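Engineer: Got a structure for you, written out below as structure tokens; questions coming shortly.
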């Protein structure tokens, strides 16, 4: 009996606007099938791109906004190196507002990871977690807290209607309908923004795997017009000092957003699927790495191969090698790398202590640019 293949939708069409550029030199490195050669090749490609990326200059402005913390299983985040016997840890979401000049010379605004806490709580995993931990708390409780759009207006004086693009390191636990088309009869939070997303994530939403369902909101893009979605293929250089780098080390649609900033310190929100030995400040994690040959410790919640996670983190670290020499004074990181998470689980920030120093430095030295965006 011949095998009847089930009907599947066509692949999502990708587009590249004239004001963006592809970064083929990074994406081509993932075609190498041999893990060892792929690691060395992508490390070299990352260092070369970092030098070229920085030479074009910084973004015009950059701001980080702290959002609500959320519980996450320690076993998922630390795998074999838990720093505590507690079952859950608290992680804090952050979003980034970036003003940059695209390759057509137009000033644009990108909002990275504007997660709405009450919408993310609709994902099956977090809905069940609420029932287990705080069954007395109604789901509507999170609606009382200001979301990213309201915080951008209140704290930065930025009108959400003037935001050109929104993007996420991943679409799991995200519901885009409130932001792009509105909800409950209310207008959209970002009426003029387009969603920049890897086309593979659109395809993932078309048919979720059972292991993905607890982490994804299947209706996340229902009713969103096609013209509001910019599906890209691989890595994209958005403009001076800003790029979205495709790193399929944790899944095919993983994306990192990189930016060069006009001041030395801003607070990024990097997260990664595994912690590099050299930068981990968590003693249990660094001890676990030191006791094993690989220089990274993968998360237990990721279904990607360990070698791909390892490569993704070293591609992140390639920017460190290519960085200009700095004075010995402590500063925040020169580049933003928001590491997309596995669609089955959020990740763990491996440079958290460094971010805290960057927070203090950022408050003391504000970045020019965003104050004129409203």
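Engineer: Starting with the fewest neighbours, write out 129, 244 ranked by other beta-carbon atoms found within 10 Å of each beta-carbon. The partial results should precede the final answer.
Structural biologist: Numbers: 129 18, 244 27.
Going from sparsest to densest Cβ surroundings: 129, 244.
Engineer: Something else: How many nm separate the modelled label positions at residue 21 and residue 134, each set 7 Å beyond the Cα in the direction of the Cβ?
Structural biologist: 4.7
Engineer: Using a simple spin-label model with points 7 Å from Cα along the Cα→Cβ vector, what separation in nm is obtained for residue 224 and residue 90?
Structural biologist: Each label point lies 7 Å from its Cα, and together they span 3.0 nm.
Engineer: Could you tell me which of rounded, prolate or oblate describes region 85-186, using a ≥ b ≥ c as the square roots of the eigenvalues of the alpha-carbon gyration tensor, with rounded for a/c under 1.5 and, failing that, prolate when a/b is larger than b/c and oblate otherwise?
Structural biologist: It comes out prolate by the Cα gyration axes.
Engineer: Compute the distance in nm between two label points, each set 7 Å from the Cα along the Cα-to-Cβ direction, one at residue 127 and one at residue 37.
Structural biologist: According to this spin-label approximation, the distance is 4.7 nm.
Engineer: By how many nm would the segment from residue 186 to residue 156 grow when fully extended, if each residue of separation counts as 0.36 nm and the alpha-carbon distance is taken off?
Structural biologist: Values: separation 30, 0.36 × 30 = 10.80 nm, distance 2.29 nm.
Stretched fully, the residue 186-residue 156 segment lengthens by 8.5 nm.
Engineer: Also: How do 104, 115, 120 line up, fewest other C-beta atoms within 10 Å first?
Structural biologist: Lowest count first: 104, 115, 120.
Engineer: For the residues 190, 165, what sequence is obtained by ranking on other C-beta atoms within 10 Å, fewest first?
Structural biologist: Listed from fewest to most nearby Cβ atoms, that is 165, 190.
Engineer: A further question on this structure: Kindly list the residues of region 204-245 that lie in the label zone of residue 51, defined by a backbone N under 19 Å from the point 7 Å along the Cα-to-C-beta vector.
Structural biologist: Backbone N within reach: 241.
Engineer: Where does region 37-114 land on the Kirkwood hydrodynamic radius, alpha-carbon pairs, in angstrom?
Structural biologist: In region 37-114 this quantity evaluates to 16.3 Å.
All of the numbers you see were taken from the coordinates with simple rules; none came from a lab. Keep in mind it's a predicted model, so treat the numbers as computed, not measured. So basically every Cβ, Gly included, is an ideal-geometry build from the backbone, and we count neighbours across all protein chains shown.
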